[in-house]
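What follows is a single structure, written as structure tokens, with notes after it.
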């Protein structure tokens, strides 16, 4: 009788455990697979350029988020089935400070230890049709002041100390995005191949470009 009671309870426990796992698996399968906007969501430093390789290497342990001093590392929940529990950074909310702790603690090849100057999270791109100094709507320079890499990553245009110019040394940490006072964020982190300046529309028939719009115009859609 004792043996029979034990087996019955064991089976009941297995059934309950299986039932409890159903919502979790269902939630994973039903998570939307829409691609996240790469101009807002960045992978932590040391991640491979190929996002599929990152997803394959990341085990979703969450250690990178636990050790992150500014708590800039967040985790996908419902933004895509194959991305669930993988980390990302939204520099508009909180940018990376390039401390390197996430790379040190990562137990897999998802985040590989990389020298700070060689990190490639992306590159800052400026929309000169909206940036306050570039449209003569005010004095700023916050992006250049806050940059942890200094003049190697961002400086000012010649003869105008307030118009920011992104340089090749930028690693895409996003601190410039976080600190930008413009409500529409005319500076953002993009793929290196997209360049450091938002291309302006061509003028039909050639000639001089039209006057710069007021601050807030000409931004790429988020």
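The values are calculated or read from the model by the stated rules, or taken from the named source; none is laboratory data. Since we're looking at a predicted model, the values are computed, not measured. For neighbour counting, all protein chains shown are included, and Cβ atoms are generated from backbone atoms with ideal geometry for every residue, glycine included.
Listed here are the helices (runs of 4 or more DSSP H) enclosed by the range 92-192 that have at least 2 residues being in the same structural domain as residue 65 (by TED's automatic domain parsing) and modelled with pLDDT of 95 or more: 101-105.
What is the residue count in the range 29-54 for residues that are surrounded by fewer than 16 Cβ atoms within 10 Å (Cβ to Cβ) and either modelled with pLDDT of 50 or more or in the same structural domain as residue 190 (by TED's automatic domain parsing) (or both)? Number satisfying all stated conditions: 5.
How many of the residues making up the range 193-222 are modelled with pLDDT of 55 or more, over 18 Å from the mean Cα position of the chain (by Cα) and assigned to a loop (DSSP other than H, G, I, E, B)? Let's see the steps before the verdict.
As a first pass, look at the range 193-222 and keep what is modelled with pLDDT of 55 or more: 193-205.
Going one step further and asking which of them are over 18 Å from the mean Cα position of the chain (by Cα), we end up with 197-205.
With assigned to a loop (DSSP other than H, G, I, E, B) added as a condition, the list becomes 198-205.
Selection size over the range 193-222: 8.
Within the range 55-91, being part of a loop (DSSP other than H, G, I, E, B) and surrounded by 16 or more Cβ atoms within 10 Å (Cβ to Cβ) holds for 58, 68, 72, 76, 79, 80, 84, 86, 90, 91.
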